[in-house]
Each structure stands twice: as C-alpha cells, then as structure tokens.
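Asker: Here you go, one structure.
The values are calculated or read from the model by the stated rules, or taken from the named source; none is laboratory data. Not measured: the values here are computed from a predicted model. Don't worry about glycine lacking a Cβ; one is built from the backbone with ideal geometry, like all the others, and counts go over all protein chains shown. The accessibility values were calculated without ligands, DNA or RNA, using every heavy atom of the protein model including side chains. Shrake-Rupley method; radii C 1.70, N 1.55, O 1.52, S 1.80 Å.
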Amino acid sequence: MTDTDTNAASQMWGGRFAAGPAAIMKRINASISFDRRLYRQDIRGSQAHCRMLAAQGMIAAADAEAILGGLERILAEIEAGSFPFREELEDIHMNVEARLAELIGEPAGRLHTARSRNDQVATDFRLWVRDAIDGMDQALSGLEDALLDRAEEHADTVMPGFTHLQAAQPVTFGHHLMAYVEMIGRDRGRLADARRRLNESPLGSAALAGTSFPIDRAATARDLGFDRPMRNSLDGVSDRDFALEFLAAGAICSVHLSRLAEELVIWTSAQFRFVALSDAFTTGSSIMPQKRNPDAAELIRAKTGRVIGDLNALLIVMKGLPLAYSKDMQDDKEPVFEAADTLELAIAAMTGMVRDLTVNRERMAAAAGAGFTTATDIADWCVRALGMPFRRAHHVAGSLVKLAETEGVGLEDLTLAQMQAIEPGITAEARAVLTVASSVASRTSLGGTAPAQVRAAIAAARARRAGAA
C-alpha cells in the first residue's frame, strides 16, 4: 500500500486509525470487486437521502445542489467506464463518497449525515434485488409466452404420458407443456410475494439504533419507491430475508427449468426422437460426426446446482449471526449476483429452445399407443357400462394386458372373443375406447388432457396474464 493509499484509507476511517490495513486485511476486507454492481442503487439512495436532508433543513440548498450534481457526474463516469474504482476504499459506498469529495469538496462530507454504511448497503441491496426480480419476472413472462404458443400449436398432438418414465396414459404435447406454464406461473408468484415483502426501506436505521437527527424516513421511502420504512432499526440493517427469499424462489425456478431441460435431453435422443433442436442450441462431437448434442439443455440442468448452492451459501452465512450487522454480511451479495446471472441466462436459453424445437408428431403418436397405455380406459369402461367396482375392473384390465403380452399384440388387436373369455360382459363398444385418440378425448375433467380442455386452459392462462398486465 502506498502512502497515498494509506492516507486515503485513514481519512475514510477517521482519527482513531493511524495506519492503513495490512495487505492481507485489505484483500479480505474489500468488496469493491463485486459490490460495484450496486452503483446505480447506491447513487439513487444517496440522491434520495440528500433531498430529504435538504427538505428537513439539515443541509443547505446549495450544498444539496452540489451533491446531487456530483452524484450525477459520478453515475455518468461509471457508465462510461472512466470511474477510478480504488480497492483501498473497500466498497462502492466509500468509492462514490471519495470521488464526490474530489469533485465538489467540503459539501460532500455533509451527505453522510444521519446515515451509516449499514443502512446504506441494506437499502442498496434491496433496490438491486427488487430490480433483479422485475427483470426475472419479465424473462419468465417471455418463457410463458413461448410455452403457451407451442401448447396451442400442439393441443391435439398425442404423446405418451409417463410415470416412473414408463408409458402410462396418452396425453397431448400441449397438455404436457401447460404443466410447465403452471410451474412458471408459481415461480412468478413467489417472486411477486418476495418483492412485496422486501419493499420496505431500511434507510434511516443508521448503524443500528436509528438517529437523533430529525430525518423523514417516509419521504426517502417514497422517493425510492418503497411502500414504507422498516419498523425496527436493528432489523433494518441486519435483515437479509429478502435475499434469501429471492434465492429460494430462484432455486425452485431453476429446478423447474432443469426438469424441462431433462425432458428435452430425453426427447431429443435417438431412442425417443420426439423433438429435434436446431444447430442454434446443439453442438457436435469432436470425434463422432453424427452427433447433435443438446448442450444448452444439459448446461441448464447443471446450473441448477449452482443456484441451489447460492441459496445454501447465504443460509449458512446468516444462520449464526447475532443482531445487528456483522461483516459476514458482506458475503451476501456474490451468491445473489451469481444466481441472478445464472437464471437470466438459463431462462433465455430455455425460451429459445422452446421456440426452436421441431416436434415429431408421428413418432409421438406411435409411442403414445405403445405399452398398453389405454388399459385404464377399458377398466373405466367396465365401471361405466357394467357397473363393476373399479378394483374388479382393474383386475379385468390387467388380465387383458397379460393376454395381449402373451399374444404379442396391442390391446386394441385382441378379438372380442378373446376379451369376452376374460370378462363376458365386454361388448364391441368397449373396443372403441382402446384407441389413443379416444383415450385422450375422454379426459374432459378440469385440468385434463382432452384437446378442448387444453385449449380452455391456454385461454384461461392468457386471460390471467392479460389481467395481471
């Protein structure tokens, strides 16, 4: 550290510290390498604080004008890439404050009246997370649009529905995609809930106990778009629930993305061939020229672990901290920044793949009838037409499946005589329910896979989105 660096650090810390920190302390203590991302929020918070100080008569109007002008210049410098970030000044707050002093001189020292870095960083971070939530919600809305468009296109496209990754009953591809619309809708709901709870202002909590100055916390809250000031100063500087909720919502969202990514990996395989992705979202092999690997989907699947890890990291940081602020909280930002960046990329990639994929209707239709997927339909017919208890009907259907397996044919290929040998009450009418098209069309219950229900679900989802806009 140079003499200039030592002097700058000592001036920022005040008269108690005669020398700057040791080199190793400087490295572990500084956060400017990552918290510089808070610059917009930091400057915005300082502007609101300055306006309040002036309105309360705590600083002169001329000083406030100089401060606000200096902050605007700093914002322009940072966005132009010419701002001189200095590690010895530790963080974004002290970097901005030091530069403000260089630009306007003595009035810069009045800005920190009735404020601490503790409530300053808590305010900045809340503003940043709020902005991140808004951006993520917009991205998820785009993914919803893509899913809805493809679901509408394929409301009649039959495919096998799976349990245990075994063919279970026929569904439509549109119905399958609408399940992800529901998941993404819940993700957006969780983000909206988190946003509502975080939208309280810590500014004015000062270091931990509030301040003796006659500040107007309601004014700064309004200025920054918060609903209200936080009610307790200790909680104001030490709460990071808002960051944890953002990460928790992000982790669940990333799991949803990973589940769809896994399905794309399976569906694009040579064994399934349900869908294909273009060269835009696949890569080749360095040795096998025939390969088209779904790398974008695989990477989304992998990045889910990072987002879950970011949530765990911050939970562990916070788990043992007494009130109020501790330096541990400096490590709250990197997990949040990483999760936000990772999700932004993953959502964009998934949206692109959903719009890019080509559906192999014929392959899906052929697979939809394999594996005796209409067995439940014959059991349901026995209940409806013969008044049979479902458990007995289930046994009859199982016996028919066993016979078809023995004969090496599908259920629909059994003769009426063969079927009646197992259950005499079966009539020719029963054979009509064994087609895939009939099975899908019959699932008319709310939320079912019948094409009419799928279209109704799409229309309802579009109406909800229009109402929320």
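Asker: Which residue is nearest to the chain's Cα centre (by Cα), if the candidates are limited to region 25-68 and must be charged (D, E, K, R) and closer than 13 Å to ASP91 by Cα? Walk me through it before giving the result.
Answerer: Residues of region 25-68 charged (D, E, K, R): 26-27, 35-37, 40, 42, 44, 51, 63, 65.
Applying the additional criterion that residues be closer than 13 Å to ASP91 by Cα yields 26-27, 35-37, 42.
Numbers: LYS26: 35, ARG27: 32, ASP35: 21, ARG36: 23, ARG37: 20, ASP42: 24 Å.
For region 25-68, the residue satisfying everything is ARG37.
Asker: Can you tell me which residue in region 279-296 is modelled with the highest pLDDT, limited to those that are in contact with a Lys or Arg (Cβ under 9 Å, 6 or more places away or on another chain) and open to solvent by 30 Å² or more (accessible area, probe 1.4 Å)?
Answerer: Here the answer is ASP279.
Asker: Quick check, is ALA221 over 26 Å from ILE184 (Cα atoms), of a type outside the set (Lys, Arg), open to solvent by less than 30 Å² (accessible area, probe 1.4 Å) and without any contact (Cβ under 8 Å) to a residue 24 or more places away in the chain?
Answerer: yes
Asker: Suppose we filter region 85-106 for residues that are more than 17 Å from GLY45 (Cα to Cα), touching a residue at least 40 places away in the same chain (Cβ under 8 Å) and either of a type in the set (A, V, I, L, M) or buried (at least 21 other Cβ atoms within 10 Å of the Cβ) (or both); how many remain?
Answerer: Residues in region 85-106 being more than 17 Å from GLY45 (Cα to Cα), touching a residue at least 40 places away in the same chain (Cβ under 8 Å) and either of a type in the set (A, V, I, L, M) or buried (at least 21 other Cβ atoms within 10 Å of the Cβ) (or both): 3 in total.
Asker: Further, regarding this structure: Find all pairs meeting these conditions: Cβ atoms under 6 angstrom apart; at least six residues apart or on different chains; first residue within region 388-409 and over 17 Å from GLY369 (Cα atoms); second residue open to solvent by 40 Å² or more (accessible area, probe 1.4 Å).
Answerer: Once the first residue is over 17 Å from GLY369 (Cα atoms) and sits in region 388-409, its partners that are open to solvent by 40 Å² or more (accessible area, probe 1.4 Å) give PHE390/VAL383; ALA393/VAL383; SER399/ILE422.
Asker: Shifting gears a bit: Quick check on ASP42: is it crowded, with 22+ Cβ neighbours inside 10 Å, at pLDDT below 95, in a helix (DSSP H, G or I) and of a type in the set (Asp, Glu)? Outline the logic, then answer.
Answerer: Numbers: crowded, with 22+ Cβ neighbours inside 10 Å: yes; at pLDDT below 95: no; in a helix (DSSP H, G or I): yes; of a type in the set (Asp, Glu): yes.
Spelling it out, it is not the case that ASP42 is crowded, with 22+ Cβ neighbours inside 10 Å, at pLDDT below 95, in a helix (DSSP H, G or I) and of a type in the set (Asp, Glu).
Asker: Would you point out the residue of region 333-347, among those that are open to solvent by less than 60 Å² (accessible area, probe 1.4 Å) and hydrophobic (A, V, I, L, M, F, W, C), that is nearest to ARG36 (Cα to Cα)?
Answerer: For region 333-347, the residue satisfying everything is PHE337.
Asker: Right, another one. Mind checking which residues of region 297-316 are surrounded by fewer than 22 Cβ atoms within 10 Å (Cβ to Cβ) and either in contact (Cβ under 8 Å) with a residue 60 or more places away in the chain or touching a strand residue (DSSP E or B) at 6+ places or on another chain (Cβ under 7 Å) (or both)?
Answerer: LEU315
Asker: Here's another thing I want to ask about it. Can you tell me how many residues within region 349-375 are surrounded by 19 or more Cβ atoms within 10 Å (Cβ to Cβ), over 27 Å from the mean Cα position of the chain (by Cα) and in a helix (DSSP H, G or I)?
Answerer: Residues in region 349-375 being surrounded by 19 or more Cβ atoms within 10 Å (Cβ to Cβ), over 27 Å from the mean Cα position of the chain (by Cα) and in a helix (DSSP H, G or I): 4 in total.
Asker: Counting only residues that are in contact with a strand residue (DSSP E or B) (Cβ under 9 Å, 6 or more places away or on another chain), open to solvent by 50 Å² or more (accessible area, probe 1.4 Å) and either farther than 20 Å from GLY369 by Cβ or of a type outside the set (A, V, I, L, M) (or both), how many does region 437-455 have?
Answerer: Number of matching residues: 1.
Asker: Looking at (1) open to solvent by 50 Å² or more (accessible area, probe 1.4 Å); (2) under 30 Å from SER269 (Cβ atoms); (3) charged (D, E, K, R), can you tell me which one ARG462 breaks?
Answerer: (2)
Asker: Return only the number of the condition from (1) within 25 Å of ALA459 (Cα to Cα); (2) in contact with a Cys (Cβ under 8 Å, 6 or more places away or on another chain) that LEU177 does not satisfy.
Answerer: Only one criterion is unmet by LEU177, namely (2).
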